[in-house]
Amino acid sequence: MAGATDPHDGREVADRLAILQLEAEYARTWDSQDADGWAACFTDDGAFEMGSTPGGLPAMRFAGRAELTEFCRLGSGRYEGIHLLSAPSLTFDRTSDKDAARVWGWVHFSYHDRDRKTQALRHVVGVYAVTYVRGDDGEWRMALRREQAVMNEAGFHGFPTADRMWAPEVS
């Protein structure tokens, strides 16, 4: 397992399961138009970034609960769809103490949707680079989630490498 210091360490297993549940909530809340629930997957000052693609939308960033809530409300209100996520590849930061407070993840996704106004169908495949942090309440949330489409209706755009997309030392 990437970033594992002891595969038999019960805390790390519990942390991995909690992050898997967070990923499930991220997908479920967006797909069910629960904008408040989706934004609650992030820290209070968390951010969601989308990279640009040829023939697609420009790069965008939404930060803070209010912006995240509004982005989900508008986006999931217009597009009816479903996220299919891989299990995240996780790297734990154990530099401060044995209880990791920060984890970096790499998640592959496939997203299928329908534009409620035009009925047009879309399919996007890509990756998320995610920084998860444990809050003072002990719950894991996303501090930063970067999305980069690898393929959509306009074609294949190349796989984003970790050094281009995400690096723990800059997150």
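The values are calculated or read from the model by the stated rules, or taken from the named source; none is laboratory data. From a predicted model like this one, the values you see are computed outputs, not experimental measurements. Methodologically, a virtual Cβ is constructed for each residue, glycine included, from the backbone with ideal geometry; neighbour enumeration extends over all protein chains shown.
Does the range 36-55 hold any residues that are surrounded by 16 or more Cβ atoms within 10 Å (Cβ to Cβ) and over 20 Å from Tyr26 (Cβ atoms), and which are they? Steps first, please.
Our first condition is that a residue be surrounded by 16 or more Cβ atoms within 10 Å (Cβ to Cβ); within the range 36-55, this holds for 37-43, 46-51, 53.
Once the filter is applied, which keeps residues that are surrounded by 16 or more Cβ atoms within 10 Å (Cβ to Cβ) and over 20 Å from Tyr26 (Cβ atoms), the range 36-55 yields only Thr53.
Which is of a type in the set (Asp, Glu), without any contact (Cβ under 8 Å) to a residue 40 or more places away in the chain and within 19 Å of Arg146 (Cα to Cα), of Asp44, Asp36, Asp31? Spell out the reasoning first.
On the way: Asp36 fails: within 19 Å of Arg146 (Cα to Cα); Asp31 fails: without any contact (Cβ under 8 Å) to a residue 40 or more places away in the chain.
It is Asp44.
Residues being aliphatic (A, V, I, L, M) and at pLDDT 90 or above: count how many of those fall in the range 130-151.
The total comes to 5.
Going by what's in this entry, would Ala154 be described as surrounded by fewer than 19 Cβ atoms within 10 Å (Cβ to Cβ), more than 17 Å from Trp104 (Cα to Cα) and modelled with pLDDT of 90 or more?
Numbers: surrounded by fewer than 19 Cβ atoms within 10 Å (Cβ to Cβ): yes; more than 17 Å from Trp104 (Cα to Cα): yes; modelled with pLDDT of 90 or more: no.
So Ala154 does not fit the description; no.
Do you know which of the residues in the range 64-117 that are acidic (Asp, Glu) and farther than 19 Å from Tyr128 by Cβ is nearest to the chain's Cα centre (by Cα)? Lay out the reasoning, then the answer.
Keep residues of the range 64-117 that are acidic (Asp, Glu), which gives 67, 70, 80, 93, 97, 99, 113, 115.
So of that shortlist, the ones also farther than 19 Å from Tyr128 by Cβ come out as 70, 80, 97, 99, 115.
Details: Glu70: 17, Glu80: 18, Asp97: 25, Asp99: 22, Asp115: 22 Å.
Across the range 64-117, the extreme among qualifying residues is Glu70.
Does the range 39-62 hold any residues that are out of contact with any Phe, Trp or Tyr (no Cβ under 8 Å at 6 or more places or on another chain), on the phi < 0 side of the Ramachandran plot and small (Gly, Ala, Ser), and which are they?
Ala39, Ala40, Gly46, Gly51, Ser52, Gly56, Ala59
What's the number of the condition Val103 fails, among (1) of a type in the set (Val, Ile, Thr); (2) in contact with a Ser or Thr (Cβ under 8 Å, 6 or more places away or on another chain); (3) over 21 Å from Ala18 (Cα atoms); (4) at pLDDT below 90?
Going through the list (1) of a type in the set (Val, Ile, Thr); (2) in contact with a Ser or Thr (Cβ under 8 Å, 6 or more places away or on another chain); (3) over 21 Å from Ala18 (Cα atoms); (4) at pLDDT below 90, Val103 breaks only (3).
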